[in-house]
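Below is one structure, written out as structure tokens; the observations come after it.
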Amino acid sequence: MKAEAVIHNRLTTFAGVTALILQRTYPVALPQDSIYPCIVYRRVESNRVRGVYQDPGYAYSKIQVTAFAKTFDDLKDLAEQVRLALERFGSALTGTTIAGVLVYDIVMGSEADSYEPALDVYAHSIDFEVLHAE
């Protein structure tokens, strides 16, 4: 839950994202009758860093962030703001926490575009790997 809290906090406080979607950022799934554009985030993988004699208390969590929009141009604008909000974001150098979590780094992974015919919306998914304290 720590990595998800960081992602949610960052996306709902980053001006470039909120200018496009206000607070329409949801965990795991879109709500019924969603207003677009919006974002869904979900954890897809977690691994704890292992030490030789004891674990150092860090974890890598892969969080998939999917932007949804009615037009492809709106989708690309939102996806770019998501990237700017999250890529290489961290708080460990300043010692501050985000949503109560010390974040060392957020690294962007793969991206993919798709179209959801049942919803008549475009989607853009980005995987982010969050290195954070446990």
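Bear in mind these aren't lab numbers, they're just calculated from the coordinates by the rules spelled out. Nothing here was measured: the structure is a model prediction, and the numbers come from that model. Every residue, glycine among them, receives a Cβ derived from its backbone with ideal geometry; neighbour counts consider all protein chains shown.
Please determine, by comparing only the residues of the stretch 54-94 that are of a type in the set (V, I, T) and either under 11 Å from the mean Cα position of the chain (by Cα) or part of a helix (DSSP H, G or I) (or both), which one is nearest to I35 (Cα to Cα).
Filtering first and then ranking leaves T66.
Counting only residues that are within 25 Å of V121 (Cβ to Cβ) and of a type in the set (D, E), which one in the stretch 1-59 is surrounded by the fewest Cβ atoms within 10 Å (Cβ to Cβ)?
This residue is D33.
Given the residues A99, A15, A67, which is the only one that is of a type outside the set (F, W, Y), more than 17 Å from A3 (Cβ to Cβ) and in contact with a helix residue (DSSP H, G or I) (Cβ under 8 Å, 6 or more places away or on another chain)?
That would be A67, the only listed residue that is of a type outside the set (F, W, Y), more than 17 Å from A3 (Cβ to Cβ) and in contact with a helix residue (DSSP H, G or I) (Cβ under 8 Å, 6 or more places away or on another chain).
How many of the residues making up the stretch 5-41 are hydrophobic (A, V, I, L, M, F, W, C), over 14 Å from F68 (Cα atoms) and over 10 Å from the mean Cα position of the chain (by Cα)?
Total satisfying the criteria: 3.
If you scan the stretch 60-99, which residues turn out to be among the acidic types (D, E), surrounded by 12 or more Cβ atoms within 10 Å (Cβ to Cβ) and within 20 Å of S114 (Cβ to Cβ)?
If the condition is that a residue be among the acidic types (D, E), surrounded by 12 or more Cβ atoms within 10 Å (Cβ to Cβ) and within 20 Å of S114 (Cβ to Cβ), then D74, D77, E80 are the ones that fit.
Where the second residue is surrounded by fewer than 18 Cβ atoms within 10 Å (Cβ to Cβ) and of a type outside the set (F, W, Y) and the first is closer than 17 Å to R24 by Cβ and touching a residue at least 12 places away in the same chain (Cβ under 8 Å) and lies in the stretch 73-84, which pairs have Cβ atoms under 7 Å and are six or more apart or on separate chains?
Within 7 Å, the pairs are Q81/G16.
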